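The values are calculated or read from the model by the stated rules, or taken from the named source; none is laboratory data. Because the structure is a prediction, the values reported are computed rather than measured. Cβ placement follows ideal geometry from the backbone for every residue including glycine, while neighbour counts extend to all protein chains displayed. SASA here: full protein model, heavy atoms, side chains in, ligands and nucleic acids out. Shrake-Rupley method; radii C 1.70, N 1.55, O 1.52, S 1.80 Å.
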Amino acid sequence: MAIRRGLVTVLAVGAGLVLPPPAVLSQHAAGQASPPAWATRGRPAGAAISVPRFDRILEGIRRNGTRRLIVRIAAPTSLPGGFRHEATLPAGQAVQSQRAALSGRQRGLLARLATPAASRAVPFDFVPFMAVEVDEIDFLTLVNAPEVDHIEEDVAVPPLLDQSVALLGAGGDRSFSGFSGAGMAVAVLDTGVDGTHPFFGGRVVSEACYSTTSAGYSESLCPGGLNAETGPGSGAQCSALASGCYHGTHVAGISAGQDGTRTGVAKDASVIAIQVFSKFPNQASCGAVPAPCALSFTSDQIAALQRVYALRDTYDIAAVNKSLGGGVYGSPCDASNVSLKAAIDSLRAAGIATVIASGNNGSATGLSSPACISSAVSVGATTKADVVSSFSNSASFLALLAPGSAITSSIPGGAYTALNGTSMAAPHVAGAWAVVKSKKPTASVDEVLMALKSTGVPVLDARNGTRLPRIDVSGALTQVSSQAATILWRAADGRVAAWSMSGTQRTATGFVEGGVAVDLFWTMVAAVDLDADGDADLLWRGADGRLVAWFMNGLTRTGVSFLNGGAAVATEWRVAGAADYSGGRRPGILRRHVDGRAVVWGIN
């Protein structure tokens, strides 16, 4: 018989809790909800805690006996800066110290819970959270535990039920200017992937399953029946007894499939297949979908994201794809998804994007959860005629659009079918991420997102009057350079030197054209990619007003061309800059007159 611990112990604890400053990972979310005073009588004075939907959680426990929750671990005083994203910490001892502190707090919390709850708990190590399944006494123990500063429900959500690749700018070889995702991987968190399907050609490089058995509520769909499995076959498509088990194979094919006839977006990328759905046999859980159905717990998604984080040094992971969700939120929903946002933020800090389908409710004013999380990359769907799909959720804070209507891709058993949904749009973006990162593996999430946004085809959602960018992968590639940042210097004798930079540190020095001096009659006025080959070209202005372009391959000149047919431009006009001012993926030259007027020359 389990000994009921925790509540009496908590009531006796009087030590204060030092909360971390707002900038750190374990900050309190906006819109936090304080539990009623009667429930926190044993909590140390001054130790704040947020428990959104406290009444609903308690009512669910009293109705069903237990409830699945996710708790946030408060930072100990030994970490005065609070828990931070590991990717921002110095490697080695700092990471180990933070993990040790987190593990110690988790062990202390588990010691307060009854044996059944403690044995079923799932501690996370890359974010300060832990998943638990508790009864009423254990719930109140958590509310009063000094190791906890936030509690939320562990919500279960459903999956969001080759012309498109050409639409994104692919060439005849189905690559994008030679870039095809080679060397990169996309992690697909879904209903599992049929790795034997010819569409993947052995490119499923890692598999895992996180699926939960909760007595009387859900059953694990992992091949071995456990709640967590890794290794070959563990990420295979879930049992056909649960609806939607074809979903993950279809999604993965859109991101990274190819079989010689059809291709996904990143045809040479690898796939990390992680099955995150559980079987729900009760119709009450499945809603409008016939039981048994497949739903995914938030805690299983976090466990999968932790697995992706752990594999970041084994594979070059460009993005995670999550084509799942529920509900509709009219504004960013960070306060309702504190734990999942922390996991998404940790991956983002490590350079990995989390791409999430916006939902299929047909809303013009809101997104499903978790796409509504501000640090996720939310994706809505368009038709192949560049019209927002009628089923697609949309809002002013939607990040991107991609094709999602009548998309043909793989399904288990070696077959193919066409499906509709934002589930089909999101993997286009995840695949695009792999293509862009195959050109520049060091590109940050912000850099890739800006490239996709700034070069996307503007599509008007007539339902809300918002123009949103439908991704154009070829265009995005022109906005990222695989070359290191370079500072150009010009000597008094006309030579041009180049410093290759890594941040603020110089890594190498070279000379343009081997150090050949350029007559001082010519002034360098801009360095910009004029021919869209990924290398910056040099723009020179003569003292007589002529402009000439040097087309460059690194530091070597490959061609010369006079602008404006070689005709001089009045010297009252000066070159003020060069960039893509029109969004047309071709540079323009900004010229400014001495009287203050400015004009942009479009360049072809």
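Give, as residue ranges, the strands (runs of 3 or more DSSP E) completely inside the stretch 410-517 that count at least 1 residues that are touching a Cys at 6+ places or on another chain (Cβ under 6 Å) and under 21 Å from Arg174 (Cβ atoms). Break it down into steps so the answer makes sense when it comes.
Details: elements: 415-419, 457-461, 466-470, 486-490, 496-502, 505-511.
Because the criterion is at least 1 residues that are touching a Cys at 6+ places or on another chain (Cβ under 6 Å) and under 21 Å from Arg174 (Cβ atoms), no strands (runs of 3 or more DSSP E) in the stretch 410-517 meet it.
Quick one: is Leu295 touching a strand residue (DSSP E or B) at 6+ places or on another chain (Cβ under 9 Å), open to solvent by less than 50 Å² (accessible area, probe 1.4 Å) and either of a type in the set (D, E, K, R) or part of a helix (DSSP H, G or I) (or both)?
Details: touching a strand residue (DSSP E or B) at 6+ places or on another chain (Cβ under 9 Å): yes; open to solvent by less than 50 Å² (accessible area, probe 1.4 Å): yes; either of a type in the set (D, E, K, R) or part of a helix (DSSP H, G or I) (or both): no.
So Leu295 does not fit the description; no.
Within the stretch 552-560, is there a residue that is assigned to a loop (DSSP other than H, G, I, E, B), surrounded by fewer than 12 Cβ atoms within 10 Å (Cβ to Cβ) and modelled with pLDDT of 85 or more?
Checked the stretch 552-560: no residue is assigned to a loop (DSSP other than H, G, I, E, B), surrounded by fewer than 12 Cβ atoms within 10 Å (Cβ to Cβ) and modelled with pLDDT of 85 or more.
Here is a list: Thr382, Thr354. Which entry is touching a Lys or Arg at 6+ places or on another chain (Cβ under 6 Å), buried (at least 24 other Cβ atoms within 10 Å of the Cβ) and not acidic (Asp, Glu)?
Values: Thr354 fails: touching a Lys or Arg at 6+ places or on another chain (Cβ under 6 Å).
Result: Thr382 is the single residue among Thr382, Thr354 that is touching a Lys or Arg at 6+ places or on another chain (Cβ under 6 Å), buried (at least 24 other Cβ atoms within 10 Å of the Cβ) and not acidic (Asp, Glu).
Name the residue, out of Val271, Val265, Val205, Val289, that is open to solvent by 20 Å² or more (accessible area, probe 1.4 Å) and within 23 Å of the chain's Cα centre (by Cα). Before the answer, list the steps.
Values: Val271 fails: open to solvent by 20 Å² or more (accessible area, probe 1.4 Å); Val265 fails: open to solvent by 20 Å² or more (accessible area, probe 1.4 Å); Val289 fails: within 23 Å of the chain's Cα centre (by Cα).
Just a single option satisfies the conditions, and that option is Val205.
In the stretch 317-341, which residue that is open to solvent by 10 Å² or more (accessible area, probe 1.4 Å) and assigned to a helix (DSSP H, G or I) is farthest from Gln301 (Cα to Cα)?
Selected residue: Ala335.
In the stretch 33-147, which helices (runs of 4 or more DSSP H) lie fully inside it and hold 3 or more residues that are surrounded by 18 or more Cβ atoms within 10 Å (Cβ to Cβ) and of a type outside the set (Val, Ile, Thr)?
Values: elements: 54-64, 93-110, 115-120, 136-144.
Of the helices (runs of 4 or more DSSP H) lying wholly inside the stretch 33-147, those with at least 3 residues that are surrounded by 18 or more Cβ atoms within 10 Å (Cβ to Cβ) and of a type outside the set (Val, Ile, Thr) span 93-110, 115-120, 136-144.
Which pairs turn up if I take residues in the stretch 312-338 that are of a type in the set (Ser, Thr, Tyr) and look for partners that are modelled with pLDDT under 95 and open to solvent by 10 Å² or more (accessible area, probe 1.4 Å) with beta carbon separation below 6 Å, at least 6 apart in sequence or on another chain?
Once the first residue is of a type in the set (Ser, Thr, Tyr) and sits in the stretch 312-338, its partners that are modelled with pLDDT under 95 and open to solvent by 10 Å² or more (accessible area, probe 1.4 Å) give Ser323/Leu160.
Go over the candidates Asp190, Asp194 one by one and state the one that is modelled with pLDDT of 95 or more, surrounded by 24 or more Cβ atoms within 10 Å (Cβ to Cβ) and over 22 Å from the mean Cα position of the chain (by Cα). Step through it out loud before you land on a result.
Values: Asp190 fails: over 22 Å from the mean Cα position of the chain (by Cα).
Residue meeting the stated conditions: Asp194.
Of the conditions (1) surrounded by 16 or more Cβ atoms within 10 Å (Cβ to Cβ); (2) more than 20 Å from Gly362 (Cβ to Cβ); (3) of a type in the set (S, T, N, Q), Ser423 fails just one. Which one is it?
(2)
Output the residues belonging to the stretch 226-246 that are open to solvent by less than 70 Å² (accessible area, probe 1.4 Å) and modelled with pLDDT under 95.
Cys238, Ser239, Ala242, Ser243, Gly244, Cys245
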